[in-house]
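The values are calculated or read from the model by the stated rules, or taken from the named source; none is laboratory data. Everything numeric in this text was worked out from a predicted model, so none of it was measured. A quick note on method: Cβ atoms are made from the backbone with ideal geometry, for glycine too, and the neighbour counts reach across all protein chains shown.
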Amino acid sequence: MDCAKKKSQLAAIKWNEYTKDCQEEKDMEEQIRKIKKETQKKRLDLEMKKKKDTKKDEEKYEEIREMREKTIEMEKETEKIRWESAKRELEKAKKEKEEKGKSLKKDATRWRRILRMEDNLARRTG
């Protein structure tokens with residue numbers, strides 16, 4: 001009987017060890033599943049972050065491109081204004097030159113008349 005009791009106790013100990021090992025194995029498998037799930041979640045989060053960052057980068061690039069286009073348009077407009085301003089200044093200078101030329105012609109004509117009058121007066125008194 002003693003032998004049967006020892007066998008029974010030994011069987012109980014082995015069964016306890018077996019169930020303990022099975023439970024540890026289940027716990028480890030559960031932990032592995034959790035780690036895999038967390039890793040997958042981290043990967044997905046990282047992919048989403050990359051997509052968001054890529055979208056932000058694209059938006060920034062588009063904004064910079066639009067700003068460059070606006071800058072180019074503004075530079076063209078500024079150059080056009082400078083060109084028109086220079087053109088007006090040139091036209092103004094031409095008009096002033098013409099007016100001075102007319103004024104000089106009038107003055108020359110007056111001086112000629114004065115000189116003729118003086119010549120005529122000098123001949124009469126002469």
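Can you tell me which residue among 21, 53, 27 is within 30 Å of the chain's Cα centre (by Cα), surrounded by 10 or more Cβ atoms within 10 Å (Cβ to Cβ) and either at pLDDT below 95 or not β-branched (Val, Ile, Thr) (or both)? So that I can check it myself, show each step before the final result.
Working: 21 fails: within 30 Å of the chain's Cα centre (by Cα); 27 fails: within 30 Å of the chain's Cα centre (by Cα).
Going through 21, 53, 27 in turn, the sole match is 53.
Would you mind stating whether residue 114 is in a helix (DSSP H, G or I), of a type in the set (Val, Ile, Thr) and modelled with pLDDT of 90 or more? Show your work before the answer.
Working: in a helix (DSSP H, G or I): yes; of a type in the set (Val, Ile, Thr): yes; modelled with pLDDT of 90 or more: no.
Taking the combined requirement at face value, the residue does not satisfy it.
One line per residue, one yes/no per condition, for (1) of a type in the set (A, V, I, L, M, F, W, C); (2) part of a helix (DSSP H, G or I); (3) at pLDDT 90 or above:
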residue: 62; (1), (2), (3): no, yes, yes
residue: 70; (1), (2), (3): no, yes, yes
residue: 74; (1), (2), (3): yes, yes, yes
residue: 101; (1), (2), (3): no, yes, no
residue: 105; (1), (2), (3): no, yes, no
residue: 109; (1), (2), (3): no, yes, no
